[in-house]
């Protein structure tokens, strides 16, 4: 069994998301080694070469194309392999196609790497996180998805714009499915500890209900809008992958809304996003944020939506 190298990452799938994530990770200097794997070996080699040529402007790093045997000592295996979302197609439309791809990819990862963390990024991420956990046999704390980390960033960005403040001072989460049934957890949202409605009024905004509906809809439709305009989304998710890897590699114990298999009284047997403590061992525990009754009901419905899809797909 290979000893895990905490400074090594593997990316499986070198499409737009995989290659943008590889570039973001090279820029981050988190890793000293990164292997790229793709069904099209030439594509992986081309991406590795292209990114490597920027290394004189960054930090020393080994970036190369490889195969599954090269991931045996990777601390984090990032899986972006899968068919992309087409214009007019929902994330859930992708299910059967991408579950089929995972039936091929995940057992090959598990054959060579038993002790790393599996970070699932391909969509629909909640379904594929559950699929990866079951196919890999990894402990559930070491298999999780990028979930609503990007949706939450979109929410913070839009709230920052709305309130004309630094989006990093906005504390709010999108939870549930990464997709059409996601929930903006408004009841726990705040700006530097000040309840959101109070802060809005300080900034001259009083039509809370209307603004909340509009912002939540804009977050939910962000991906569709970008896909309609440029055919794919990849920079935002690449930055999200970098952020999650930071939490793992630095053992930050950061609270991020990643997608993991839920085993709570209300929701179990399905992967969806809730704020969780993320560190070197993966998911170290869920954070029970305050939700009002409507949000709790919406979360249960989101879980039921995902369960129904899982039953059809697996």
Inside the stretch 152-185, the number of residues satisfying the requirement of being part of a helix (DSSP H, G or I) and in contact with a helix residue (DSSP H, G or I) (Cβ under 6 Å, 6 or more places away or on another chain) is 7
What residue, among those in the stretch 260-286 that are at pLDDT 95 or above and not in a strand (DSSP E or B), is surrounded by the most Cβ atoms within 10 Å (Cβ to Cβ)? 274
Residue pairs, Cβ under 7 Å, 6 or more apart or interchain, first in the stretch 44-67 and in the same structural domain as residue 20 (by TED's automatic domain parsing), second loosely packed, with under 13 Cβ neighbours inside 10 Å and part of a loop (DSSP other than H, G, I, E, B). List them. 58/29; 59/29
Which of the residues that make up the stretch 20-33 are more than 26 Å from residue 114 (Cβ to Cβ) and within 15 Å of the chain's Cα centre (by Cα)? 20, 24
Within the stretch 200-255, work out how many residues are over 23 Å from residue 180 (Cβ atoms) and not in a helix (DSSP H, G or I). 11
Among 199, 206, which is the only one that is touching a helix residue (DSSP H, G or I) at 6+ places or on another chain (Cβ under 9 Å) and exposed (fewer than 11 other Cβ atoms within 10 Å of the Cβ)? 206
Among the residues of the stretch 264-301, how many are over 22 Å from residue 115 (Cβ atoms) and without any contact (Cβ under 8 Å) to a residue 12 or more places away in the chain? 6
So which residues in the stretch 139-155 are over 10 Å from residue 240 (Cα atoms), outside the structural domain of residue 80 (by TED's automatic domain parsing) and out of contact with any strand residue (DSSP E or B) (no Cβ under 7 Å at 6 or more places or on another chain)? 154
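The values are calculated or read from the model by the stated rules, or taken from the named source; none is laboratory data. Predicted, not measured: the structure shown is a model, and the values here were computed from it. When we count neighbours, we look across all protein chains shown, and the Cβ atoms used for this are built from the backbone with ideal geometry, even at glycine.
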